[in-house]
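Novice: One structure, as C-alpha cells, below. Some questions next.
What follows is calculated from the coordinates using simple rules that are stated; it is not laboratory data. All values derive from a computational prediction rather than experimental measurement. We place every Cβ from the backbone using ideal geometry, glycine too, and count neighbours over all the protein chains shown.
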Amino acid sequence: MPNNYNSILVTLKELVDGSKDKALEADIKFNIPIYQRLYVWKEEQIKKLLEDTYNAFKTNGKNDYYLGGVIVVKNGDRYDLIDGQQRFTTLWLIAQQLQENLTPFLKDRMHFSIRDHANEFFSNSNIASEEVGELKNIKDAITTISNYFTDKKEKKEFSEYLYKKLKLVFTVVPQDVDLNKLFETINSGGIQLQHHELLKAKMLEALKDNPKKEKIYSKLWDSCSFMDNYIENNLAVSLNCTKTDIYQYLYISNIDNLKDINKVLDFISLKIKDDDQDQKLLQDILKLTKIEETPSSKVEKENEIKVRSIISFSMLLLHTLRIFLKEENEEKRLDIKEVNEKELLKIFTHKNKENDEKKYGEFDFNYENVTKFLNLLWKVRFAFDEHIIKWVNIDDKSDEVHLICKIIDNVSSKSPSLQRDETEVSKSFSLLQSMLYHTQPVINHYWLTPLLNKLVNEAQFDNEKYLQLIDNYLFFPKRKRDLRDNTWFIMNNYNLEIEQCEKVLEQFDLKEGNDYRQFSHYLFYKVEYILWFLDKNRSNEFYFRAKNSVEHISPQTPNGNYKEDNLVSDNCLHSFGNLSLVSRERNSEFGNKPFEVKQIDFKTKKDDISNNLKMALIYANENWGDEKCQEHLKDIKMKICQYMNCGESNEFK
C-alpha cells in the first residue's frame, strides 16, 4: 500500500486476497493500539449495524453496502486501527459468529496491544468470572450477535454478502503523521481519544525493548489517569486486585510504602503475568463456550467516597512536567510555555530552534527520561490525592464540598484494607486551596505546581504556611509577573518579595472612575478566608461556594421607603466596604431592598450566616451609612495586615 493519504474502497475479500488494481497488498492484518479503548459499543449500536446490513441484504443483495471508513497507520507487519476501531471490531465479531464464507477473513486478522485483562482472557479458556473486567463489552456483544442470528435461515448467503459486497473506505496515513491534529479533524461519531491517551502511547514507545517494563508502566499510568477516584482504588482496578492486597503488600501501617515508587513497581510486577504475549488473537476469546456474569473488578465498594477532581489528568501531567523540568540541571532548566491541556502533546514534544526569541523546556522521549517522568508522576498523583482538595459528595447529598480525605487503614473490616477519612485534618489548608480554586482560571491553576513540588520533594514542612506564602507571593508580589513565571520562580527558590502592606491595602481603595468592578473576585474571597482564619471560634460549617455577583449593601437604585441613616452617599456607594460577593441568585433576591429588609433576610438564612463572613459583620450593625461603611473597611484592612504579619515598618515578614 502506498505511504500516503490515498483512500480506496475495499471489500473484506480484498483485505484477504489483495487487489492489483487498487495497489492493495494481500492478507492485511490489524492491531488495536494501546491508546485505543478496547471495546465500548453497546447492544443498541450493535443491533443497528446488524439490522442495517441484514436489511440491505434482504432488500437488494446485489448492491454494495457502504459501512463507513477506517483510518490506519503501518506498524511493522500490521496496520494500527486509529479510527473506526469500534465498527470494525463489531464486524469481526459478526464474522466469527457467522463463519461460512467469512472464514478466510477471520484467520489471524486482529491483535490487541498489551492489556493484561485481554491477555489473560484471550489465552485462558478457564478464566474466572471476576477476571473478565474490561472485556465484558465484547462478551455482551457476542451474546447480542448470537441471539440476532438465532432465527435467521440465510446465514451462508448473508456471510457471502458481507464478504463481497460490504465496502469500507480504507485510508492509510503516513507513519510520521501528527496524530494529535488528525484526531482533532476526525468526525466519525465515535468516542474520541483524549490527548493523554496518545501521550501514553508515545511514552511507552520508549520502553518497547523491555516488554515487562512496558506492561508495568502501562499499569502505573492507568492508575494515575482516572482523576475522579483515589489512586489506591485505581491501582486495585488496574491490577484487578483488592485494596486488602495493596494494604498487605504496600501499606502495613506505613504510608511511606505507598509513596515509594520502587515498592509500587515491585507490587505491580507481582500482579501481572510475565510472558512474551504482548499481543493476542481476538479469535481466542471466541473459543470460550461459557463466560459467567462478572463484576468489572474485585475492588471493594462499600467504603469508597464519591469524589470529583478539581483538575483533569492532562493538567496533572503538565504540572508534573514542570516539576520534572525544574529538576533538570541549570543549563536545561526551562519552564513550559503554559499549562494548557488542549496543547498537551505540543508542549511535551516542543523543540526549541536557534532563532526562537523565547525558549521553553524540552522533554526527550528516551528510556531514562520516560521512566524518570513516570516515577515522578506516581509521586505527584499520590501527593495530589493525599493533600489536595477534591469535590466530595458526603452522605449521598447533591451538594459537594471541597475536602482533603487522608488515607487510613480500615482494620474494622473482615480483611484489613484502606479507606479515605472524611474528617478534616486541616480545615485552613483545604479552605485556602478552595479559595484559590474559585478565584483562578480553571484551565491552569498555576498555584498547584509549587505546592505539589514541595509535597513531593520535602517530607517535613508546614504545608499550610507554605501555601499561604505561595498565595501572597502570587497575588501581592513586589514585582509584577504572570502566574506562570512567579510559580516557576517560587519552585526555583528565587528571592520573591511581597509588596509592602500599604501597597496591598491600596487594592481595596476605590480608584479614579468610581467603578466597583475594579475589585477582583479574588479580593472578596481572600477577605472571607482571612476573617475565618482569624476567628477564634472558627466554624466547621464554613465552605467556599461559587460566587460571582457583587452585591451593594446600600443599593445603587433605592426603591421604596428608605431610612436616611441606612443609605450611603455616592462617595461610599461603590466602596469595598459597601460590597459583598454573592451568587447571582442571592443578588437577585436582595435586589434594591432597604438595609433593614436585607438584614432580616440575611439573618434568617443559615447558609448566609455561616458562609458569608464579611456580610455577617455588616449586618451585625443596627444601621448602615457612610460612617459604618468606612469603619467596616478600616476593620477589614486591619485584619488583612494582621493576617499577613505586617510589622511597624509595614513590610511583610
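Novice: For segment 466-547, what relative contact order do you get, as a whole percent, if you take Cα pairs closer than 8 Å and at least 6 residues apart?
Specialist: Result for segment 466-547 is 20 percent.
Novice: Oh, and also: Let a ≥ b ≥ c be the square roots of the eigenvalues of the Cα gyration tensor of segment 1-61; is it rounded (a/c under 1.5), or, if not, prolate (a/b larger than b/c) or oblate?
Specialist: Taking the square roots of the gyration eigenvalues as a ≥ b ≥ c, segment 1-61 is oblate.
Novice: What's the extension gain from Asp509 to Glu25 if we count 0.36 nm per residue and subtract their Cα-Cα distance?
Specialist: The span from Asp509 to Glu25 would gain 166.7 nm if fully extended.
Novice: Can you compute the charge dipole magnitude of segment 499-609 about its Cα centre, using +1 on each Lys and Arg Cβ and -1 on each Asp and Glu Cβ, nothing else charged? Give it in debye, rounded to the nearest 20.
Specialist: For segment 499-609, the charge dipole is close to 440 debye.
Novice: If each residue of separation counts as 0.36 nm, what is the full-extension length gain between Glu362 and Leu9 once their alpha-carbon separation is subtracted?
Specialist: 122.9 nm
Novice: Would you calculate the separation in nanometres between label points at Asp601 and Asn571, each defined as 7 Å from the Cα along the Cα-to-beta-carbon direction?
Specialist: Placing both labels 7 Å beyond Cα along the Cβ direction yields 2.9 nm.
Novice: Right, here's the next one. Quickly work out the Ser549-to-Asp176 label distance, labels modelled 7 Å from Cα along the C-beta direction, and quote it in nm with one decimal.
Specialist: 5.7 nm
Novice: Out of Trp391, Asn444, Asn463, whose Cα points farthest toward the positive end of the dipole of segment 354-490 (charges: +1 Lys, Arg; -1 Asp, Glu; placed on Cβ)?
Specialist: Asn463
Novice: Can you give the Kirkwood hydrodynamic radius for segment 538-598, in Å, rounded to one decimal and based on Cα pairs?
Specialist: Answer for segment 538-598: a Kirkwood hydrodynamic radius of 12.7 Å.
Novice: With +1 on the Cβ of every Lys and Arg and -1 on the Cβ of every Asp and Glu, and nothing else charged, how large is the dipole of segment 67-115 about its Cα centre, in debye rounded to the nearest 20?
Specialist: 80 debye
Novice: Any chance you could run the full-extension gain for Lys480 through Tyr494? It's 0.36 nm times the residue separation minus the Cα-Cα distance, nm to one decimal.
Specialist: Extra length available between Lys480 and Tyr494 comes to 3.6 nm.
Novice: Residues of segment 507-545 with backbone nitrogen within less than 17 Å of a virtual label 7 Å along the Cα-to-Cβ line of Asn621, please, listed as ranges.
Specialist: 509-510
Novice: Using the Cα centre of segment 432-492 as the reference point, and only Cβ charges (+1 on K/R, -1 on D/E), how large is the resulting charge dipole? Debye, rounded to the nearest 20.
Specialist: 280 debye
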